[in-house]
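Novice: Quick one: the structure is below, questions incoming.
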Amino acid sequence: MSHFAPVALPHANRLINHGPTVLITSVFGAKRNVMAAAWSMPVEFSPPRVAVVIDKSTFSRELMTAHGGFGLCVPATAAMDLTYAVGSCSGRERDKFAHYNIQAAPGPALGVPIIEANCLAWMECRLIREPHTEDAYDTCFAEVVSAAADSRVFANGHWTLNDGNATLRSIHHLGGGLFAPAGEAVQARPLPPTRPG
Ligand SMILES: Cc1cc2nc3c(=O)[nH]c(=O)nc-3n(C[C@H](O)[C@H](O)[C@H](O)COP(=O)(O)O)c2cc1C
């Protein structure tokens, strides 16, 4: 049974606010692909926009440029080895979905591959064309056009990370295949008023 529920677009930035390593999916014609990306972030509130670094030489970049959009999925710890694997080989050599037995379905807005198994959230992103920079930079800007998250950890625009859902954590790449899972959430409190003088 899927625990995924739609996320309102004004809340989409929260899905990657904490800097998780993500899976970038792409499709064009009969070709599809998935890669890991440690570098993504929200950059605009309304409409919600994100920036993702996708090396110009990757197969992913080729497909998403041809299609005009991509999927961004937030893997959980159960997908850590898979994330490292799809970030360590190219879709030019193999169909990574078939090779690693990754189940994906077309997203509702753009039709890009969406992975829910062992993932916490996803969004479909429409590329913002930047003809004057896209040959020079690896950074891609995109508008989020649909989003969903596992309601056991994300609902009403908020992550809930506690003992009850401890296996459902995003992963954060430290380098060289070493990851840190997100910990429990801790609420910041207002500081006490400072004394004059
Ligand atoms: C944990 C991890 C994080 C990565 N982060 C990025 C990233 O942010 N940007 C990028 O361009 N490549 C990143 N990579 C490398 C790509 O995933 C890698 O080049 C991949 O093989 C590209 O696949 P493709 O040619 O099938 O598109 C990362 C790899 C790993 C393992």
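Nothing in this text is a laboratory measurement; each read-out follows from the coordinates by a stated rule. Bear in mind that the values here come from a model prediction, so they are computed numbers and not experimental data. Every residue, glycine as well, gets a Cβ built from its backbone with ideal geometry; the counts of neighbours run over all protein chains shown.
Novice: List the residues, sorted by chain then number, that are 5 or more residues from Gly69 or on another chain and whose placed amide H is less than 5 Å from its amide H.
Specialist: Leu127
Novice: Would you please give the residues with an amide H less than 5 Å from that of Ile114, counting only those at least 5 places away or on a separate chain, with H modeled from the backbone geometry?
Specialist: Residues meeting the amide H criterion: Ala105, Gly107.
Novice: Please give the length that would be gained between Gln187 and Ala5 if that part of the chain were fully extended, namely 0.36 nm times their separation in residues minus their C-alpha to C-alpha distance (nm, one decimal).
Specialist: 63.1 nm
Novice: Now a separate question. Using only the alpha-carbon atoms, what does region 82-190 span along each of its principal axes? Please give whole angstrom values in decreasing order.
Specialist: Projected onto its principal axes, the Cα set of region 82-190 covers 45, 33, 31 Å.
Novice: While we're here: Residue by residue through region 117-130, which ³J(HN,Hα) values in whole Hz follow from phi under the Karplus form 6.51 cos²θ - 1.76 cosθ + 1.60 (θ = phi - 60°), with glycine and proline marked x?
Specialist: Taking θ as phi minus 60°, the curve returns 4, 6, 10, 9, 6, 8, 9, 9, 10, 9, 4, 9, 5, 10 Hz for region 117-130.
Novice: To continue, here is another question. Stokes-Einstein D for the chain at 37 °C, 0.692 mPa s, Kirkwood Rh over Cα pairs, in µm²/s?
Specialist: This corresponds to a translational diffusion coefficient of 190 µm²/s.
Novice: For the chain, what does the helix formula give at 222 nm: sum of -39500 (n - 2.57) over DSSP H segments with n ≥ 4, over the residue count, nearest 500 deg cm²/dmol?
Specialist: On the way: 3 runs with 20 residues, N = 197.
The helix-only estimate for the chain comes to -2500 deg cm²/dmol at 222 nm.
Novice: Now for a separate question. Using DSSP to define loop residues, name the GluC sites (Glu not before Pro) in region 79-179 whose beta-carbon has at most 14 other beta-carbon atoms within 10 Å.
Specialist: Details: sites: Glu93, Glu116, Glu124, Glu134, Glu143; in loops: Glu93, Glu116, Glu134.
Answer by residue number: Glu93.
Novice: Quick one: what are the phi-derived ³J(HN,Hα) couplings along region 169-181, Karplus 6.51/-1.76/1.60 with θ = phi - 60°, whole Hz, x for glycine and proline?
Specialist: 10, 6, 10, 10, 7, 8, x, x, x, 8, 10, 10, x
Novice: One-quarter of the Cα convex hull surface for region 1-110, in nm²?
Specialist: It is 7.4 nm².
Novice: Right, here's the next one. What do you get for trypsin sites (Lys or Arg not before Pro) in region 87-119 restricted to DSSP loop and a cutoff of at most 15 other Cβ within 10 Å of the site's Cβ?
Specialist: Arg92, Arg94
Novice: With +1 assigned to the C-beta of every Lys and Arg and -1 to the C-beta of every Asp and Glu, and no other charges, what is the dipole magnitude of the chain about the Cα centre in debye, to the nearest 20?
Specialist: 220 debye
Novice: Tell me the relative contact order for region 4-181 as a rounded percent, counting alpha carbon contacts under 8 Å between residues six or more apart.
Specialist: Contact order relative to length: 29 percent.
Novice: A further question follows. Among the chymotrypsin sites (Phe, Trp or Tyr not before Pro) within region 67-128, which fall in a DSSP loop and have no more than 16 other Cβ atoms within 10 Å of their own Cβ?
Specialist: On the way: sites: Phe70, Tyr84, Phe97, Tyr100, Trp122; in loops: Tyr100.
Here the chymotrypsin sites (Phe, Trp or Tyr not before Pro) that fit, given the DSSP loop and packing criteria, are Tyr100.
Novice: Oh, and also: Which is farthest toward the positive dipole end of the chain among Phe45, His67, Asn162, measuring Cα position about the Cα centre, with Cβ charges +1 (Lys, Arg) and -1 (Asp, Glu)?
Specialist: Towards the positive end, the residue furthest out is Asn162.
Novice: How would you order 164-177, 49-62 from highest to lowest mean count of nearby Cβ atoms within 10 Å?
Specialist: Ranking, from highest mean packing down: 49-62, 164-177.
Novice: Further question: Return, ordered by residue number, the residues of region 133-167 whose backbone nitrogen is under 18 Å from a label point located 7 Å along Cα→Cβ of Ala105.
Specialist: 146-152
Novice: Let me ask another. What's the exposure ranking of Phe154, Phe28, going from fewest to most Cβ atoms within 10 Å?
Specialist: Phe28, Phe154
Novice: Using a Förster radius of 22 Å, what is the FRET efficiency between Ser57 and His132 based on their Cβ-Cβ separation? Nearest 0.05, please.
Specialist: 0.65
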